[in-house]
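Enquirer: The following block contains the structure, expressed as structure tokens.
The values are calculated or read from the model by the stated rules, or taken from the named source; none is laboratory data. Here the structure is a predicted model, which means the values were calculated and not measured. Positions of Cβ are generated from backbone atoms using ideal geometry, with glycine treated the same way; all protein chains shown enter the neighbour counts.
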Amino acid sequence: STIVLLFEAPRDFSFSLQPGQRIRMGEGLGSL
Amino acid sequence: SLSTGSRMLPRPRPFPLLVVTGGCYLGYQQYKRRGHRDEETGPHLATPTQVALYRTFPTRLVSRAWGRLNGLDLPTWLRKPIYSLYIWTFGVNMQEAAVEDLHHYKNLGEFFRRRLKPAVRPVCAASCLTSPADGKILHFGRVKNSEVEQVKGITYSLENFLGPQTSRSKDLSSSSFQEDLLSSPDNDLFHVVVYLAPGDYHCFHSPTNWTVEMRRHFPGALMSVNPGVARWVKELFCLNERVVLRGQWQHGFFSLTAVGATNVGSIRVYFDQELQTNTPRYNKGSFHDRSYVATDNQVKSAPEEGGVSLHKGEPVGEFNLG
């Protein structure tokens, strides 16, 4: 199963992720 | 005895040795070249015929049969060996489970829906957006030209994924589907894909504070969504059964979509008792909308009048076997 998030955000929104990394519920995905 | 021993040793044969080592070397070179070619041209995609063939498999029927099987209560003596095999195969961390005693779970379906101990998933207060689930980040980034990347280099249409805009949200002055979604020209559209492996905790939570205005359920195929298949089948997320929750957050449009798969075919949303997924019959290409916002000629119950408010980290729903 998969969850896809699609969202609008200011252009300076940046992800703090790496493709393929393991993540847990509640961990930060990105910030402004 | 020395002379007898030397007679028994095989004579060195340089030619076959040369052929084997040379063959291995050429095979390795070919493998390396193929790897480089894949990096340059992108991953190998399934042809439309291959996808059509895959779709002829009764994945929904298999999924429901799998669900029924896993809904059968196991005798107490059989629970521990069956769940232990599952734990060992998929690397489940039972120390995080709210109930660690394996005898407690009546069947595999119940074990799959296990809850976690309250403190094991702290919700990041510093980030405005948090992960809705445990899993692996398949892809993330900015949406360009109304196309979303499924994996690197393979895109799918935003319109096919979300379905047509409702008349309420459609802006006649905008030129693209993507622009229709944006509330401000200074903003962009972003996406993140989280893949949940069989051993992961399978509930999903609200990634931010937001209001869900509508749900759109797309019945569809139930192909596997593992990363290998996501790299192979283009538009996989538009073909599979999914539930789109859409609404608004502090920066405008926000949506969370749960995509089903063969093993995990049904999706439950806690605040929506009407939602029924992985049912035997459906019309290809159809979708079912439910608005949580009361319109002028529609009187809804009080909690739904302005949509469903969700807080960051709040449980939203779960995936189920079959």
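Enquirer: Out of all the residues in region B:53-85, which are surrounded by 17 or more Cβ atoms within 10 Å (Cβ to Cβ) and closer than 26 Å to B:A119 by Cα? So that I can check it myself, show each step before the final result.
Expert: In the first step, residues of region B:53-85 are kept if they are surrounded by 17 or more Cβ atoms within 10 Å (Cβ to Cβ); the result is B:54, B:59-60, B:63-64, B:66-67, B:70, B:74, B:79, B:83.
Listed by number, the list holds a single entry, B:Y83.
Enquirer: I would also like to ask the following. Residues in region B:198-205: is at least one within 12 Å of chain A (Cβ to nearest Cβ), hydroxyl-bearing (S, T, Y) and surrounded by 23 or more Cβ atoms within 10 Å (Cβ to Cβ)?
Expert: Yes, region B:198-205 contains a residue that is within 12 Å of chain A (Cβ to nearest Cβ), hydroxyl-bearing (S, T, Y) and surrounded by 23 or more Cβ atoms within 10 Å (Cβ to Cβ).
Enquirer: State whether the residues of region B:94-105 include one that is out of contact with any His (no Cβ under 7 Å at 6 or more places or on another chain), surrounded by 15 or more Cβ atoms within 10 Å (Cβ to Cβ) and of a type in the set (D, E, K, R).
Expert: The answer is yes; a qualifying residue exists.
Enquirer: Evaluate the following for B:M214: is it at pLDDT 90 or above, among the hydrophobic types (A, V, I, L, M, F, W, C) and either over 24 Å from B:R121 (Cβ atoms) or in a strand (DSSP E or B) (or both)?
Expert: Answer is yes for this residue.
Enquirer: While we're on this one: Go through region A:7-32 and report how many residues are at the interface with chain B (Cβ under 7 Å from one of its Cβ atoms), part of a strand (DSSP E or B) and either in contact with an Asp or Glu (Cβ under 7 Å, 6 or more places away or on another chain) or not acidic (D, E) (or both).
Expert: 10
Enquirer: Would you pick out the residues in region B:221-254 that are away from every other protein chain (no Cβ under 12 Å), surrounded by fewer than 22 Cβ atoms within 10 Å (Cβ to Cβ) and in a loop (DSSP other than H, G, I, E, B)?
Expert: Matches in region B:221-254: B:K234, B:E235.
Enquirer: Which of (1) surrounded by 13 or more Cβ atoms within 10 Å (Cβ to Cβ); (2) within 13 Å of another protein chain (Cβ to nearest Cβ); (3) of a type outside the set (F, W, Y); (4) in contact with a Gly (Cβ under 8 Å, 6 or more places away or on another chain) does B:A126 not meet, given it meets every other one?
Expert: In the conditions (1) surrounded by 13 or more Cβ atoms within 10 Å (Cβ to Cβ); (2) within 13 Å of another protein chain (Cβ to nearest Cβ); (3) of a type outside the set (F, W, Y); (4) in contact with a Gly (Cβ under 8 Å, 6 or more places away or on another chain), B:A126 misses (1) alone.
Enquirer: Within region B:255-277, can you find the residues that are surrounded by 21 or more Cβ atoms within 10 Å (Cβ to Cβ) and either over 14 Å from the mean Cα position of the chain (by Cα) or of a type outside the set (S, T, N, Q) (or both)?
Expert: Hits for region B:255-277 are B:S255, B:L256, B:A258, B:V259, B:G260, B:A261, B:V264, B:G265, B:I267, B:V269, B:T277.
Enquirer: Considering each of B:K144, B:K170 in turn, give the residue that is at pLDDT 85 or above and basic (K, R).
Expert: None of the other options fit; the residue is B:K144.
Enquirer: Related question: It is to be established whether one or more residues within region B:162-172 are exposed (fewer than 13 other Cβ atoms within 10 Å of the Cβ), more than 9 Å from every other protein chain (Cβ to nearest Cβ) and aliphatic (A, V, I, L, M).
Expert: yes
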